[in-house]
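Asks: Below is the structure I would like to discuss, written out as C-alpha cells.
Just so it is clear, none of the values below were taken in a lab; they were calculated from the coordinates. This one's a predicted model, so the numbers in the text were calculated from it and none came from an experiment. Counting neighbours? That spans all protein chains shown, and the Cβs are built from the backbone with ideal geometry, glycine included.
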Amino acid sequence: MLRLLPQSDAQILRGFIPNYLSPTHSSVQLHLPDAPDAKGSFVSAAVKSSASAAGINSSTRSGVLDKVKMADVATEGGKSVSRSRKPPALEVEGIGIEGISIGGHETCIMIPSMKVAFDIGRCPQRAISHDFLFISHGHMDHIGGIAMYIATRGLYKMRPPTIIVPKCIKTTVEKLLAVYRELDGSELAVNLIGMDVGEEYDMGKNFVVKAFKTYHVVPSQGYLIYAVKKKLKAEYLNLSGQEIKDLKMKGVEITDTTRTPEVAFTGDTTGEFITDEGNADVLNAKLLVMEATFLDEATSLKHARDWGHTHIFEIAELAERFQNKAILFIHFSARYSSETILDAVSKLPASLRDRVTPFLEGW
Ligand SMILES: [Zn+2]
Ligand SMILES: [Zn+2]
C-alpha cells in the first residue's frame, strides 16, 4: 500500500532516510526471499541453524552472521514484514511488476514471471528470488546492490545468478566483486556476462534477451526480452503424429519459430533511444519500462539531454511512435511529489496517456 505524504515530508524521507526504513518502501520491499533454504523463516535463528547445518566454516559463517544482522535491521525498521508471498505491486497486460525506482537513489524493476530483475541500485529482498539480473549501466543507483544480491543468493544456497552487464564494464565489475570477495570471505558465485548492443542471450523457458542502444552519460544499454514460440509449419498441419515423427527422424525442420517482443527496459537514457531506428522492436514490446526523469518546465529539454535523461515533453512529442500495449514510467527525479507525477502524465496526448502507468513504488 502506498502512503502519500505531504510533499516536503516525502522529499525529506527520500533524501535522508535509508529506503528500507521508509514507510512507503517497506510494504513493497521487505518480503521473504523466495529461497528454497529460507522456507519462510527470515529470522536470524533460522538462518544461523541452516548455516551450521550446511557445515559452513567459521570464517564463512562470520560473513553469514553479518548479513543476518543486516536482515534483522531491515526487519525491525520495516515494521510490516510479510511472511507470505504477496502479489506483484502492479500488473499491466498480464505482466506482474515489482520493485522501486527513484532517480538518483535506486532502481530495481522485477518481472517475477520471467525471474528477471533490471538494475539493482540497492538490493530489495524480493530481488533475491530472481535468477537473472540485467544491468543497464554503472551508475550507483543502478548497480550499487549487485554484491549483496549475489551474496544473499549464496547464503540461501540458490543457484549462482546470471548477470548481464554492458561488455565494456565487465572487467570493472569483476574487479569490484574481487574486492568484495576479499572483504567478505565469501565465494560470490556468479555467471557474469558482458553483452554488446545487438547481442542476445538465451534465458531458456522460451525467452531470449537482446541488448539495445540507449544514450546516457556513461556506457549504457537497454534490454528487450522476446518470447520465442515454435509452431508446426502450415504444410505439415494435416499430418498424423507418426508422419511428423518420421519427418523429424529424417532431420526435416517442421516448425517455424516466431519471436514476440514482450518486455523492454531502457535504464537511463535520453529520448534519442525513441528515434533510433535500431530500436523498432523496443517500441513494439508489449510492455515498455522507460525512464521519464524530468516532468516540468523547471528543467529544460537541453538540461535533460545534458544529464543523459528523458523529458516527458519529448515523449509527448513522439507519442505516435509508441506501439506498446503498456508503458511504465520509472526513475522520476526525487524532487517531484506523486501528485506532480500524476498531473504530468495526465497531460500526455490521450492516445499515449491511456497506456502509461507511472511507477510510484517508493513515493
Ligand atoms: Zn539513474
Ligand atoms: Zn545513470
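Asks: Classify region 89-223 as rounded, prolate or oblate from the Cα gyration tensor: take a ≥ b ≥ c as the square roots of its eigenvalues, call it rounded if a/c is under 1.5, otherwise prolate when a/b beats b/c and oblate if not.
Replies: Because its axes are fairly even, with a/c under 1.5, region 89-223 counts as rounded.
Asks: What do you get for trypsin sites (Lys or Arg not before Pro) in region 79-184 restricted to DSSP loop and a cutoff of at most 16 other Cβ within 10 Å of the site's Cβ?
Replies: Here the trypsin sites (Lys or Arg not before Pro) that fit, given the DSSP loop and packing criteria, are Lys79, Arg83, Arg85, Lys157.
Asks: Another one. Tell me, what HN-Hα J-couplings in whole Hz come from the Karplus equation 6.51 cos²θ - 1.76 cosθ + 1.60 at θ = phi - 60° for each residue of region 330-342, using x for Gly and Pro?
Replies: In residue order, the calculated couplings are 10, 6, 5, 4, 5, 6, 8, 8, 4, 5, 4, 5, 5 Hz.
Asks: Between Leu342 and Thr257, what length comes free when the chain is fully extended (0.36 nm per residue of separation minus the Cα-Cα distance, one decimal in nm)?
Replies: Roughly 26.5 nm would be gained on extension.
Asks: Same structure, new question: Diagonalise the Cα gyration tensor of region 91-358 and give the resulting equivalent ellipsoid semi-axes, square root of 5 times each eigenvalue, largest first, whole Å.
Replies: Equivalent ellipsoid semi-axes, largest first: 33, 27, 16 Å.
Asks: Then there is this: Given the pairs Lys167/Lys210; Lys115/Lys325; Lys175/Lys210; Lys302/Lys325, which span a C-alpha to C-alpha distance of over 18 angstrom in this model?
Replies: Violating the 18 Å Cα-Cα cut-off are Lys115/Lys325; Lys175/Lys210; Lys302/Lys325.
Asks: Same structure, new question: Can you tell me the FRET efficiency between Arg353 and Val228 if r is taken as the Cβ-Cβ distance and R0 is 30 Å, rounded to the nearest 0.05?
Replies: The value I calculate is 0.40.
Asks: Among DSSP bridges having both ends in region 91-358, what percentage is antiparallel? Round to the nearest 5.
Replies: About 55 percent, rounded to the nearest 5.
Asks: Another question about this same structure. Rounded to a whole number, what is D in µm²/s for region 148-187 from Stokes-Einstein with the Kirkwood radius over alpha-carbon pairs (20 °C, 1.002 mPa s)?
Replies: Here the translational diffusion coefficient equals 195 µm²/s.
Asks: Sticking with this structure for a sec: Sequence-distant or interchain residues sharing an amide H contact under 5 Å with Glu262, placed H: which?
Replies: So Glu262 has HN proximity to Ile225, Tyr226, Ala227, Lys286.
Asks: Oh, and also: After finding the eigenvalues of the alpha carbon gyration tensor for region 85-138, what semi-axes result from the square roots of 5 times each, listed largest first in whole Å?
Replies: Each semi-axis is √(5λ); the values are 18, 12, 11 Å.
Asks: Hey, for a label at Glu320 modelled as a point 7 Å past Cα toward Cβ, could you say which residues of region 280-297 have their backbone N under 18 Å away?
Replies: 280, 283-284
Asks: Ala298 versus Thr172, label points 7 Å from Cα toward the beta carbon: distance in nm?
Replies: Reported label-point gap for Ala298 and Thr172 is 3.0 nm.
Asks: Please report Rg (one decimal) and Dmax (integer) in Å for the Cα set of region 145-214.
Replies: Over region 145-214's Cα set, Rg and Dmax evaluate to 13.3, 38 Å.
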